[in-house]
1. Determine ³J(HN,Hα), in whole Hz, for all residues of the stretch 75-86 in sequence, where each value follows from phi through the Karplus function 6.51 cos²θ - 1.76 cosθ + 1.60 and θ = phi - 60°; x replaces Gly and Pro.
2. Quick one: 3J(HN,Hα) in Hz for the stretch 88-103, Karplus 6.51/-1.76/1.60 with θ = phi - 60°, rounded, Gly and Pro as x.
3. Around Ser189, which amide H atoms from residues at least 5 apart in sequence, or from another chain, sit under 5 Å from its own amide H, with H modelled in the peptide plane?
4. How much of the DSSP beta bridge set in the chain is antiparallel, as a percent to the nearest 5?
5. Within the stretch 1-160, what percent of beta bridges assigned by DSSP are antiparallel, to the nearest 5?
6. Starting from the Cα of Glu163, step 7 Å along the direction of its Cβ; do the same at Glu184; then give the gap between the two resulting points in nm.
7. Calculate, axis by axis, the spread of Cα positions in the stretch 2-317 along the three principal axes, and write the results as whole Å, longest axis first.
8. Too long at a 26 Å Cα-Cα cut-off: which of Lys10/Lys66; Lys66/Lys95; Lys223/Lys297; Lys22/Lys66?
Amino acid sequence: MFRKKINNPKLSVIVVFYDMPKQALNTLFTLSTDFQQEVGPDDYEVIAVENRSDNPIDQDALTELKGNFRYFLRDETLPTPVNAINFGVEQALGKQVCIMVDGARMVSPRLIHFSMIAARLYPQAVISVPGYHLGEKLQQEAVSDGYNESVEQELLASVPWREDGYRLFDISCLSGTSRNGYFEPMGESNTLTVPRSLFDAAGGFDTRFTETGGGQCNLDFYKRVVELPETNLVMLMGEGSFHQFHGGVTTGRETGEQRDRTMNEHFAQYREIRGDSYSPPQKTATLLGEVHPSLLKFVHHSAQFSRYKRGEIQPDTKDQE
């Protein structure tokens, strides 16, 4: 376990990795105090939980990250991050926990800042962040056109994202579960902050989700906490989490019929556990944050989609640009 000093953080970020050393370090850098804005090192901690693989994170690189980081390497017998998430939350010292079930997701520069503001506004806030894929199209589609880690490294090098993290929006598209935009219900949030007490009361992540990658475990937890009558859903529309290509089950390693089979297995397990197919929670979100100019194309898309859905414009204008 790698540890840096902890000073009673307000928020604990739990992020899980498996077999993605380069992507993990990018993600952790975006969670460091060198990248996050308007917060200090005593405000939050990052708990990095890695399920052992043949390609672990570079331990020396971890020591160079600025902020409060704790790292745990654990053995896992199942191909799911569920147990690692629950383990990470058990280590958390903050009253708020931010769950990042997919460690391949870089985040924007004021994610922590606005998450803490939302938590002060609503004692039972469920704080969501829209999801994006690096690249011009969803990675499960782009892989057929030759998109891979090398192409993505060139894409990241094309913008000064380390100096201005909001430039990541310039090289991204909305993910599938966020594709309808900011003004419609999202299917999930891959960066989700809730009170620790709420996480515990909800029973954490359901360990029955044992499919590769956790199946629909993240959607399940999101739906369960959002639909509680006492919670307030807050969307940080000006922030984002950006999925990096790493050959994951649903975004790269499997294509065509093979991917369809895997997704059907995920859907089937959700139905077995919950008794019905997944449907996104319909609770209206309070929008919070500031909109960087790089997000204006997504604001436009979001407005266009909502107008299309209400029958105000023709269907051919609804697609994301």
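We did not get these values from a lab; they are worked out from the coordinates using the rules stated. These numbers come from a predicted model, not from an experiment. Neighbour counts run over all protein chains shown; Cβ positions are idealised from the backbone, glycine included.
1. Coupling constants for the stretch 75-86: 8, 9, 8, 10, x, 9, x, 4, 5, 5, 4, 4 Hz.
2. x, 5, 4, 7, 5, 9, x, 6, 10, 10, 9, 9, 10, 5, 10, x
3. Counting only residues 5 or more places away or on other chains, the set is empty.
4. Working: 13 of 42 bridges.
Restricted to the chain, the bridges split so that about 30 percent are antiparallel.
5. On the way: 2 of 21 bridges.
Percentage antiparallel, nearest 5: 10.
6. About 3.8 nm, to one decimal.
7. Between the extreme Cα coordinates on each principal axis of the stretch 2-317 lie 56, 46, 43 Å.
8. Details: Lys10/Lys66 17 Å; Lys66/Lys95 22 Å; Lys223/Lys297 28 Å; Lys22/Lys66 18 Å.
Pairs exceeding 26 Å: Lys223/Lys297.
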